[in-house]
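> Have a look at the structure that comes next, please.
The values are calculated or read from the model by the stated rules, or taken from the named source; none is laboratory data. Just so you know, these numbers come straight off a predicted model, no measurement behind them. Note that each Cβ is placed from the backbone with ideal geometry, even for glycine, and that neighbours are counted across all protein chains shown. Note: accessible area is taken over every heavy atom of the protein model, side chains too, but ligands, DNA and RNA are not part of it. Shrake-Rupley method; radii C 1.70, N 1.55, O 1.52, S 1.80 Å.
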Amino acid sequence: MTANYAATMTFITRFAPSPTGYLHLGHAFSALTAFDAAQADGGGFILRIEDIDHTRCRPHFEAAIYEDLAWLGLTWPEPVLRQSEHISDYQESLEALRALGVVYPDHRTRKAQVEAALSAPQGEAADSTVETTDTPAWRLSLEAAQSVLGPRYDTLSFQEVLFRPGRHSARPEVNGDVVLGRKDIGIAYHLAVVIDDARQGVTDIVRGHDLFDATHTQVLLQALLGLPTPRYHHHALLLDEQGRRLAKRKGSKSLRDYRLEGVAAKEIKMMLSIATKTQST
Ligand code: GLU
């Protein structure tokens, strides 16, 4: 059980997929990297289902996650935390941030927000001519966070083990005033992920380096919510022969397809080790 992990182990990591599609080789690589790191350290591996976005998550994708990972030989403690069952916890934390004065409402439509983000630096004042809606999105105010944390704001940092190893200063400015409460589902990824990493006692986050920049914002949220900052291991992304990300490759084959075709899990592991040996990290 997760709670026992927290009490007895010094290395606890997790794989946290969103059931918005079938897993492919890039996910297998990420899950196996996390699982192997936990095994090597005598630590724990947690599977978490990040399904806050009910508009995109589907039960058959979630079922396939369990089947594919078990097929790859991974094991994890039950019950698996499904974020959709904990929405009120994330809402409470958003409420706590609101009480701290570090979030503000953004009444622009999602489309207008995306357009503004593309044409101007994030966090700029809203243009009063843009389309608005009644239910706002809630954004983290970096300016307010800075005044709440005082000098501590500039000392926030995290330890990175794989990607540019060393201690990094947190620079939440790279992401700007991110949305913590989406107007459609009430909450958002950055908030749910830091709450769950803390409550599950995750000491080491192993994930692709496409999420390296997200860490800057997440470290700030940990500070604001009084949560510990784990160590981070951002692994290289699996690329195809053209150097494109496998996960993003159009029509890239799902693990489920390989499995149903009768490919053995050990052949997948072989393909992954060949792919990683032929590319630099
Ligand atoms: N749920 C996220 C995704 O599927 C991963 C979150 C994380 O590893 O921090 O991309």
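> Which condition number in (1) away from the ligand (no atom under 16 Å from the Cβ); (2) of a type outside the set (Ser, Thr, Tyr); (3) on the phi > 0 side of the Ramachandran plot is the one that LYS183 fails?
That leaves (3) as the condition not met.
Residues are listed down the side, and each one gets a yes or a no for (1) within 16 Å of VAL219 (Cβ to Cβ); (2) at pLDDT below 95:
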residue	(1), (2)
THR135	no, yes
SER147	no, no
ARG152	yes, no
LEU156	yes, no
PRO165	no, no
SER169	yes, no
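> Determine the pairs where a residue that is at pLDDT 95 or above, located within the stretch 75-87, has a partner that is open to solvent by 50 Å² or more (accessible area, probe 1.4 Å) with Cβ atoms under 6 Å apart, the partner being 6 or more residues away or on another chain.
Final answer for the pair search is PRO77/MET1.
> (1) within 16 Å of the ligand (Cβ to nearest atom); (2) over 28 Å from LYS269 (Cβ atoms): which one isn't true of ILE49, the others all being true?
Answer for ILE49: the failing condition is (2).
> Next up: Under 17 Å from ALA188 (Cα atoms) and hydroxyl-bearing (Ser, Thr, Tyr): does that describe THR10?
no
> Hey, another quick one. With the requirement that a residue be open to solvent by less than 20 Å² (accessible area, probe 1.4 Å) and either aliphatic (A, V, I, L, M) or more than 30 Å from SER84 (Cβ to Cβ) (or both), what does the stretch 167-184 give you?
Selection gives ALA170, VAL178, LEU180.
> Given the residues ASP197, ASP134, which is the only one that is open to solvent by less than 20 Å² (accessible area, probe 1.4 Å) and of a type in the set (Asp, Glu)?
Among ASP197, ASP134, only ASP197 is open to solvent by less than 20 Å² (accessible area, probe 1.4 Å) and of a type in the set (Asp, Glu).
> Within the stretch 197-240, track down each residue that is part of a helix (DSSP H, G or I), more than 9 Å from the ligand (Cβ to nearest atom) and in contact with a helix residue (DSSP H, G or I) (Cβ under 9 Å, 6 or more places away or on another chain).
ALA198, ARG199, ASP213, HIS216, THR217, VAL219, LEU220, LEU221, GLN222, ALA223, LEU224, LEU225
> Any residue at all in the stretch 212-225 that's at positive phi and surrounded by fewer than 22 Cβ atoms within 10 Å (Cβ to Cβ)?
no
> Something else: Restrict the check to the stretch 10-30 and report whether at least one residue is farther than 23 Å from LYS253 by Cα, modelled with pLDDT under 95 and out of contact with any Leu (no Cβ under 8 Å at 6 or more places or on another chain). Steps first, please.
Quick first cut of the stretch 10-30, residues farther than 23 Å from LYS253 by Cα only: 10-14.
Adding the requirement that they be modelled with pLDDT under 95 leaves 10.
Now restrict to residues that are out of contact with any Leu (no Cβ under 8 Å at 6 or more places or on another chain): 10.
For the stretch 10-30, residues farther than 23 Å from LYS253 by Cα, modelled with pLDDT under 95 and out of contact with any Leu (no Cβ under 8 Å at 6 or more places or on another chain): present.
> Go over the candidates LEU32, LEU72 one by one and state the one that is in contact with a helix residue (DSSP H, G or I) (Cβ under 9 Å, 6 or more places away or on another chain), under 24 Å from VAL263 (Cα atoms) and more than 15 Å from the ligand (Cβ to nearest atom).
Testing whether each residue is in contact with a helix residue (DSSP H, G or I) (Cβ under 9 Å, 6 or more places away or on another chain), under 24 Å from VAL263 (Cα atoms) and more than 15 Å from the ligand (Cβ to nearest atom) leaves just LEU72.
> Being open to solvent by 10 Å² or more (accessible area, probe 1.4 Å), closer than 27 Å to LEU272 by Cβ and part of a helix (DSSP H, G or I) narrows it down to one residue among GLN113, GLN91, GLN39; which is it?
After ruling out the rest, the residue left standing is GLN39.
> Residue check, SER254 against (1) in contact with a Phe, Trp or Tyr (Cβ under 7 Å, 6 or more places away or on another chain); (2) open to solvent by 20 Å² or more (accessible area, probe 1.4 Å); (3) farther than 26 Å from ASP177 by Cα, all met but one. Which one?
(2)
> Continuing with this model, one more query. Which condition number does TYR189 fail, the rest of (1) open to solvent by less than 60 Å² (accessible area, probe 1.4 Å); (2) within 13 Å of the chain's Cα centre (by Cα); (3) among the aromatic types (Phe, Trp, Tyr) being met?
Exception for TYR189: condition (1).
> Between a first residue in the stretch 20-35 that is open to solvent by less than 20 Å² (accessible area, probe 1.4 Å) and a second residue that is of a type in the set (D, E, K, R) and assigned to a helix (DSSP H, G or I), which pairs have beta carbons less than 6 Å apart while being 6 or more apart in sequence or on different chains?
The qualifying pairs are LEU23/ASP68.
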